[in-house]
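K.L.:
Here it is: the structure, laid out below.
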Amino acid sequence: MPTKKSVVPPEIYQLKVTLLGTSPPIWRRLLVPADLTLAQLHDVLQAAMGWEDGHMHEFSIGQRRFGRPDPEDQLMGMPAAENERTVRLSGILGRVGSKAIYMYDFGDSWEHSIVLEKRLPVDPNTTYPICTDGQLACPPEDCGGVPGFYDLVEALADPNHERHQELLDWIGDDFDPQVFSVDEVNKMFAPLSRHCAKRHRASRHAPTGLPRHANPTR
């Protein structure tokens, strides 16, 4: 007979995600299931920050790298990244205060700090992930990284700037670097929230003592 095991309720991680190099900082506070794969966390971060998922990305903590394995890394003598689809958030962040780095777009080098602020019990009346707070708009894609972003903001704010009209035509007149909406982020989270809720319902009904296998979305 299989040994009867107690089912450990999944935890919720409160994360603070900050786009490094921005001042004042562009940041988001998120509540996410601790058992998300890093591939799923990538989807959450893209929606939370406001990126368009058009570039490569990578997670790192210490000397470990996580992403989509690329055979060319080994051909070039680089250590291969661990597969983000098989590594869970709880596997790299466990202690409150621990940190990881999320890099998006290796050209513009958008580097994000991910800090585990709290470990919380699941609220059965809440669907996850959710955004609870944040500040400032996400920079536009392909604007040249942090320096290019602040050059853009400066030019847009000054009608007499030599590149004002050029950059206004490129970005459009509806971009406001000061605007951020928690509600808009949570609307973006809706498909991800439905997936997490379905996955956790399945885990609660899994037979005791038998292994449960989650299928990552990516």
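K.L.:
Taking 22 Å as R0, compute the FRET efficiency from the Cβ-Cβ separation of SER90 and GLU141 and round it to 0.05.
P.N.:
About 0.15, to the nearest 0.05.
K.L.:
Which of the aspartates and glutamates could be linked to LYS118 by a straight reach, that is with a Cα gap under 13 Å, when you skip same-chain ones fewer than 8 residues away?
P.N.:
In chain and number order, the partners are GLU11.
K.L.:
Still on this structure, I have one more. At q = 0.14, 0.15, 0.19 Å⁻¹, what is the base-10 log of I(q)/I(0) for the stretch 13-170 according to the Debye formula with one equal point scatterer per Cα and no solvent? Please give it to two decimals.
P.N.:
Log-scaled intensity ratios, in q order: -0.76, -0.84, -1.19.
Readers should treat all values here as calculations from the given coordinates under stated rules, not as data from a laboratory. Computed from a prediction, not measured in an experiment: that's the story for all the values here. FYI the Cβ positions are ideal-geometry reconstructions off the backbone, even for glycines, and counts take in every protein chain you see.
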